[in-house]
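The structure under discussion appears below in the form of C-alpha cells.
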Amino acid sequence: MFLLLLALQQAPDSTYATPALRDVVERAAAYNAAAAGLLRPFAAQFQSSIGVVRRLPDNVEGSATIEQMAGIFRWTPQGVFQQHQTGYRVITVGVPLPGASLLANGWVVPPLFGEHLPVLVASRPLAEATAPDSLWLPLPGALHPLSLDRARLYSFRGGDTVEIETPDRAVERLVRVEVWPRTDLAERTQVFRGSLYLDPRTGGMRRIRGQILAVGGERSGMSKVLGAVIPGATLIDVLNTDVPGLGLFPTFQWIELQAHMPLSNDSYTTIRLVTRLGTITTEGDTSLVNGPVTPTAAGLTRADPDSLGSYRAWSFPPGDALARVRGRELADVGPVRARPSGPPTLALRGTNSSDFIRYNRVEGLFLGAAGTLRFRDALPGLSLRGGAGYAFASDMVRPQLSLTWSRNDWILSARGERAIDLATKFPDPLDYGRGLRAVFASDNYDYIDRWKATLGVSRYLNRRRAGMARVETGWTDERATPALVDQGPFGQQFLPNPGVDPGRYLRTLVRLEVSPEVSPRFARPGVGFRLRYERGDGDLEYNRYQVGLTARANAGRALFTLVGDAGLVTGVNMPAQQLFLLGGLGSLPGYEYDQFAGDKAWLARALVSIPLPFLDNPIPVGSGLSLPPVNPSVSFRFYAGQAEADDPPGLAAIDRLGTRPAADGSPVPYAVPSNGPRATVEFRLTLFGSLLGFGVARPLEPGATWKFQFALAQVF
C-alpha cells in the first residue's frame, strides 16, 4: 500500500507540466478571479480598423477595402454591452468586401477576466443587466484557461520568463504559459489554445495570444467537408494595459478571422480587426465620455449618417493599424497544422489557384494538381512542393517540383518546371488572379513556354518581412508559343501570341522590391519601388533593365494612384520576347492591344477615383448573409508611354514578333515603334469596386475617336 501511494504521488500531472508551473497558474487564476469580482460597468472610447486582407506569396499582405470606425463601448459585468459608432470612413480600390457587415455581434473585446472569454459574442438583452439573478447567468464564449473549471478542459506547459515586443514596439519581460485544450470531450465545446503572458510580480494576465476553436463531440459531415476544403481560424492577440485606478484593460485588440482559399497554399484571406481603447471611465465619472456609462441599448448602434461622416478625431490614418501587424506573427499560436513547428504535414495545395485551373489562348483549358510537404521539426524550414497539369489545346503536360528552405529572413530555393510565363510587359507583381479571366474577357497577356531549372536566394528587407531582394539563376529552354485558341467561350476574339525566339541559355535574374503592398490593388497609401535586372547567356543573349515606382494617396473620398515604369533591353541577338509592348487596356487604352514595341520603353499611369455616395452598403440576401455593395465610382485615368527601337537588333526583334490580322483580314506587323510619346485619357464607371468597369478612352492625337472599354478585375 505504501508503494502504491508513493507511485501515485510521483505520477505526472496531466494538467500541469511541473509543480512550479502549477503554482504559477494557480496564482494567475487567483488574480483572474479577484479582478473579475472588482469589475464595474465602464465606458471607453474605441477606434477600429477592419479590412478583408489578402495574403499573397512572398509575405505580401494588403486589403482592397479598409473601414475605420470610432465610437463608445459601454459594458456591464453581466455581459450586456453597447457598441455605439460615432465615426466611419472607408477606402476601397478593389472589390469591396466590408468586414464590418459580417460582424453583427460586435467586435470590441471587454476585460478578459472571469470564467469565459467573450470574444465576438453577442450582447445579452438589456433587461438581463438588472435581473435579480443576472450575476449567476452563464456567459457565452470559450471557457477561460484561468477559470475555476480549467483542469477539466486544459493542460498547461512552459512557464519560462521571456522578453516580448508589444505592437507598439515596447519590450516586456513576462512569464509565458502554453495552453492546450483536451480533445476527448464528450460534447462539442468552445475552448482557447495558445499562450498566456503573465506579470511575474502579480500574476495578472498582460497578454493573451492564440486561437478560439471548438473541440470534442461529433462534427456533422458538412462541417468536416468545409473544414477540409476551406480551413478557417479565429485568432486573437489582446494586450492588457494597467490603467491607474481601474486595473488591466484590453487597450490593444487584434482579431484575425482566417479562411484559407481552396486550391492554394501561399494565399489566404482574413478579416483583420485592430482596435484600440482610449479614455476609460466607470460609474460616477462621465466627464470624459459623452453620455452614460451603462448601456442605453444592447448590441450595435450608430449615429446618423451625417454625423458618422463628419467625424474628424481620428488617431491614425486609414490602414495604418492594419499594416502594423502581419498574419505570420500569429503563426506560432494558430492552427496546429499551419504552425512552423510540429510533425511533417502534407497538403494538397499549390502556390496559387493557377496551379489547378486556368484558361488562356496558348493552352486553352489547363487542369492540374499540386501538393506541399512541410518537414517542420524533422527538417526545420524545409518544404517540398510538386505537381503536374495538362493543357488541352496544346496537348501538353506541365510538371513542377521545388525545394525551399527558409531561416529567419533568408530563403534558399531550387525549382524545376515547364512553366507558362509572361513576357513583353511591365508586369503587375501582384497580379495573381489571371487564371480564368480570359474565360469572360480578352486575354491581355503574352506568353512563353519555358522549361527551367533554377537556384535562388532571397532575403526579406526588414524584420516585418515586407519587401524582398532576390537573385536567381539557372538553365532555361524557351520554345515557340503559338496561340492555339482564337475565340473565347463568350465569343471574344483572341489575338495571336507575339513571336517567341526559341533557344537554350543561362538566365540570371536580380530583383528588389520595396513596400510591395503599396499597389493599385490595395488601399494602403505610400510609395513602393521595384528594380529588376535580367540577363541571358547562350543561344539567347541579352540584358534587360527595369525600374518601377508606385505611389498612392487618399484625400477624403478621392483616391490617387500613380504608377511609373521604364525599361531597356540590350544585346546583339536580343530575343523578341524580351521587347516591351504597349497598347490596349491597362497600358494605352484607345490604341490597339500590343500596338507599339521597342527595346526601350516607358509607361506612366495616373488615376483619380471618386466613390459615389450611394449603393455603398452590402446587399442583404437573408439569414445574415449579404453580397458586396455595388459601390459605384467614377474615375479619370491618364496614360502616357513610348516604345522605340532605332538600331538593327531591336528592329529585327520587332519583325520577329510576327503579324496579326487587320480589319480586312490582311496581315499587318504585330507591333511597331511608337515614333515618339503617346498619351490617352479614359473615363470609367466601375461597379463592385474594380470588378466591372465600363468606360471610354481616346488617344490624345488629331483625328482620334473615343472607344468603348470593358474591364474585368482590372485596376488599370
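Scanning the range 700-716 for residues that are open to solvent by 80 Å² or more (accessible area, probe 1.4 Å) and modelled with pLDDT under 85 yields no hits at all. Within the range 343-365, restricting attention to residues that are touching a residue at least 40 places away in the same chain (Cβ under 8 Å) and assigned to a strand (DSSP E or B), the residue that is farthest from GLN493 (Cα to Cα) is ALA347. Reported count of residues in the range 392-407, each being within 11 Å of SER458 (Cα to Cα) and open to solvent by 80 Å² or more (accessible area, probe 1.4 Å), is 2.
State which residue is modelled with the lowest pLDDT when the search covers only the range 264-284 and only residues that are within 25 Å of GLY51 (Cα to Cα) and surrounded by fewer than 18 Cβ atoms within 10 Å (Cβ to Cβ). Top of the filtered list is ASP266. The one condition from (1) polar (S, T, N, Q); (2) modelled with pLDDT of 80 or more; (3) over 30 Å from ARG521 (Cα atoms) that SER287 does not meet is (2).
Residue by residue, here is whether (1) modelled with pLDDT of 90 or more; (2) over 24 Å from PHE716 (Cα atoms); (3) surrounded by fewer than 23 Cβ atoms within 10 Å (Cβ to Cβ); (4) among the acidic types (Asp, Glu) holds:
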residue: GLN45; (1), (2), (3), (4): yes, yes, yes, no
residue: VAL52; (1), (2), (3), (4): no, no, no, no
residue: ASN59; (1), (2), (3), (4): no, no, yes, no
residue: GLY62; (1), (2), (3), (4): no, no, no, no
residue: MET69; (1), (2), (3), (4): yes, yes, no, no
residue: GLN83; (1), (2), (3), (4): yes, yes, no, no
residue: THR86; (1), (2), (3), (4): yes, yes, yes, no
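The number of residues in the range 482-496 being in contact with a helix residue (DSSP H, G or I) (Cβ under 7 Å, 6 or more places away or on another chain) and either open to solvent by 30 Å² or more (accessible area, probe 1.4 Å) or farther than 18 Å from LEU436 by Cα (or both) comes to 2.
Among residues of the range 593-625 being part of a strand (DSSP E or B) and open to solvent by 40 Å² or more (accessible area, probe 1.4 Å), the one that is modelled with the lowest pLDDT is LEU625. If you filter the range 493-519 down to residues that are over 33 Å from the mean Cα position of the chain (by Cα) and among the hydrophobic types (A, V, I, L, M, F, W, C), you find that the one that is modelled with the lowest pLDDT is LEU495.
Criterion applied to LEU700, LEU657 was being closer than 25 Å to PHE580 by Cβ and either basic (Lys, Arg) or touching a helix residue (DSSP H, G or I) at 6+ places or on another chain (Cβ under 8 Å) (or both), and the one residue passing it is LEU657.
Whenever a residue of the range 435-450 is among the β-branched types (Val, Ile, Thr), its partners that are part of a loop (DSSP other than H, G, I, E, B) and open to solvent by 30 Å² or more (accessible area, probe 1.4 Å), lying with C-beta atoms within less than 9 angstrom and at least six residues away or across chains, give the pairs VAL439/PRO489; VAL439/PHE490.
Residues that are under 30 Å from PRO669 (Cβ atoms), surrounded by fewer than 18 Cβ atoms within 10 Å (Cβ to Cβ) and not small (Gly, Ala, Ser): does the range 434-442 have at least one? Yes; the residues of the range 434-442 include at least one that is under 30 Å from PRO669 (Cβ atoms), surrounded by fewer than 18 Cβ atoms within 10 Å (Cβ to Cβ) and not small (Gly, Ala, Ser).
Only residues that are assigned to a loop (DSSP other than H, G, I, E, B) and open to solvent by 30 Å² or more (accessible area, probe 1.4 Å): list them for the range 317-340, please. Selection gives PRO317, ARG324, PRO335, PRO340. Against the test of being closer than 29 Å to GLU478 by Cβ, without any contact (Cβ under 8 Å) to a residue 24 or more places away in the chain and either hydrophobic (A, V, I, L, M, F, W, C) or in contact with a Lys or Arg (Cβ under 6 Å, 6 or more places away or on another chain) (or both), the options VAL563, VAL547, VAL569 yield a single qualifying residue, VAL547. Condition first: surrounded by 19 or more Cβ atoms within 10 Å (Cβ to Cβ) and part of a loop (DSSP other than H, G, I, E, B). Now tell me which residues in the range 673-688 satisfy that. Residues satisfying the conditions are PRO673, SER674, PHE688.
Which members of the range 341-388 meet the condition of being surrounded by fewer than 21 Cβ atoms within 10 Å (Cβ to Cβ) and in contact with an Asp or Glu (Cβ under 7 Å, 6 or more places away or on another chain)? Within the range 341-388, SER341, GLY342, PRO343, THR351, GLY368 qualify. Criterion first (at pLDDT below 90 and touching a His at 6+ places or on another chain (Cβ under 9 Å)) does GLY79 satisfy it? Considered against the rule, which asks whether it is at pLDDT below 90 and touching a His at 6+ places or on another chain (Cβ under 9 Å), GLY79 comes out as yes. Looking across the range 497-509, the residues that are open to solvent by less than 30 Å² (accessible area, probe 1.4 Å) and out of contact with any Ser or Thr (no Cβ under 8 Å at 6 or more places or on another chain) come down to GLY499, ASP501, GLY503.
Take the conditions (1) among the aromatic types (Phe, Trp, Tyr); (2) under 18 Å from PRO57 (Cβ atoms); (3) at pLDDT below 90; PHE490 misses just one of them, which is (2). Restricting VAL563, VAL569 to residues that are hydrophobic (A, V, I, L, M, F, W, C), open to solvent by less than 20 Å² (accessible area, probe 1.4 Å), in a strand (DSSP E or B) and within 16 Å of ALA423 (Cβ to Cβ) narrows the list to VAL569. Among the residues of the range 644-672, those identified as open to solvent by 30 Å² or more (accessible area, probe 1.4 Å) and within 25 Å of TRP706 (Cβ to Cβ) are PRO661, ALA662, ALA663, ASP664, VAL668, VAL672. Scanning the range 510-530 for residues that are among the charged types (D, E, K, R) and open to solvent by less than 20 Å² (accessible area, probe 1.4 Å) yields a single hit, GLU517.
Here is the figure for the range 579-592: residues that are assigned to a loop (DSSP other than H, G, I, E, B), open to solvent by less than 50 Å² (accessible area, probe 1.4 Å) and at pLDDT below 95 total 5. Scanning the range 305-316 for residues that are open to solvent by 40 Å² or more (accessible area, probe 1.4 Å) and at pLDDT below 85 yields PRO305, ASP306, SER307, GLY309, SER310.
The residues in the range 174-206 that are more than 15 Å from ASP332 (Cα to Cα) and either surrounded by 14 or more Cβ atoms within 10 Å (Cβ to Cβ) or modelled with pLDDT of 90 or more (or both) can be counted, and the count is 17. Here ALA713 does not qualify as within 37 Å of the chain's Cα centre (by Cα), touching a residue at least 40 places away in the same chain (Cβ under 8 Å) and farther than 28 Å from VAL500 by Cβ. With respect to the stated conditions, ARG479 fails to be over 24 Å from ALA653 (Cβ atoms), among the basic types (Lys, Arg) and open to solvent by 20 Å² or more (accessible area, probe 1.4 Å).
The values are calculated or read from the model by the stated rules, or taken from the named source; none is laboratory data. It should be emphasised that the depicted structure is a prediction, and the values quoted were computed from it without experimental measurement. We place every Cβ from the backbone using ideal geometry, glycine too, and count neighbours over all the protein chains shown. With ligands, DNA and RNA removed, areas are computed over all heavy atoms of the protein, side chains included. Shrake-Rupley method; radii C 1.70, N 1.55, O 1.52, S 1.80 Å.
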